[in-house]
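Down below is the structure, laid out as C-alpha cells.
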Amino acid sequence: MMTRRPIALVALLMLFAAGCGKKQPPLATPAPPPADRTAAAPVTPPPTRVETPLPVPAQPPLADDTVASRTLDDLNRDSPLRPVFFQVDSAELDDAGRAAVGANAEILKKNATWIVTIEGHCDERGSAEYNLALGDRRAVAARTFLVSLGIAPNRVRTVSYGKEFPFDPGHTEEAWSKNRRGHFVITSR
C-alpha cells in the first residue's frame, strides 16, 4: 500500500505543476502617444459659391443721347417698351401682342446692351398658384416670340407675379384687362 501513495503523490504533484505551469497572457504594451496634431495638414474651408455676372457687351453709341443719359428708373417710368396684353385664362399672343413685341424687338436691337425682364401678370380672379403659373406662361410666351425676332436669349429674363401687383386695382372687366399683361422692364443697359 505504500507504493500507491508515492505514485498518487507524484500524480498529484504533476497535476499541480501542470495547472500552475499555464502561461499567463502577456501584459498589453502601452499604445504610442498620439501624433502631434499641430503638424497635421491644414483643414481647407468648404468651397464658396461664386456668382459670375452675365457678360454685357460694350454699349454702342445711341442715336438718341437723351436715352443714353437717363437712369434705369427714368427709362422704366417712361418706358419705350410696350406691355403685351392677354385674354382671360390665356398665354397666347394675339395680333396686337405680336405687334407690341415686334416694336419692343426693334427698340432692343437699337439698344443692343439692354437686358430686360418680362413680368407676367394676371387679374385678381383665380388662386394665387394658378395665377403664378399663368403669369409665368405669359412671360415665357412673350420671351419666346422676342427671341424668335432676333433678340439674344441671354438678354431676356422672365418672372411671374401672378395677381400680386395689379396695374389697375379696380374690380371691373376694364381693370382686369389692364392687369392681364406681360410687362417689359429694362434691368440693365
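Quick grid of which residues meet (1) surrounded by 10 or more Cβ atoms within 10 Å (Cβ to Cβ); (2) at pLDDT 60 or above; (3) within 23 Å of Phe184 (Cβ to Cβ):
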{"position": "Pro45", "(1), (2), (3)": "no, yes, no"}
{"position": "Ala63", "(1), (2), (3)": "no, no, yes"}
{"position": "Ser79", "(1), (2), (3)": "yes, yes, yes"}
{"position": "Val84", "(1), (2), (3)": "yes, yes, yes"}
{"position": "Val88", "(1), (2), (3)": "yes, yes, yes"}
{"position": "Leu93", "(1), (2), (3)": "yes, yes, yes"}
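In the stretch 158-175, the condition of being surrounded by 16 or more Cβ atoms within 10 Å (Cβ to Cβ), under 15 Å from Val88 (Cβ atoms) and touching an Asp or Glu at 6+ places or on another chain (Cβ under 6 Å) is met by at least one residue. Taken across the stretch 109-130, residues that are part of a helix (DSSP H, G or I), buried (at least 16 other Cβ atoms within 10 Å of the Cβ) and among the basic types (Lys, Arg) do not occur at all.
Residues of the stretch 152-183 that are in a helix (DSSP H, G or I), in contact with a strand residue (DSSP E or B) (Cβ under 9 Å, 6 or more places away or on another chain) and among the small types (Gly, Ala, Ser): Ser177 alone.
Per this entry, Asn104 is counted among residues that are surrounded by 14 or more Cβ atoms within 10 Å (Cβ to Cβ), more than 23 Å from the chain's Cα centre (by Cα) and under 24 Å from Arg70 (Cβ atoms). With respect to (1) part of a helix (DSSP H, G or I); (2) in contact (Cβ under 8 Å) with a residue 24 or more places away in the chain; (3) within 14 Å of Phe184 (Cβ to Cβ); (4) in contact with a Gly (Cβ under 9 Å, 6 or more places away or on another chain), the lone exception for Ala100 is condition (2). Considering Glu124, Glu174, Glu119, the condition of being within 24 Å of the chain's Cα centre (by Cα) and of a type in the set (Asp, Glu) is satisfied by Glu119 alone.
The values are calculated or read from the model by the stated rules, or taken from the named source; none is laboratory data. Everything numeric here is computed off the predicted structure, so don't read it as measured data. For neighbour counting, all protein chains shown are included, and Cβ atoms are generated from backbone atoms with ideal geometry for every residue, glycine included.
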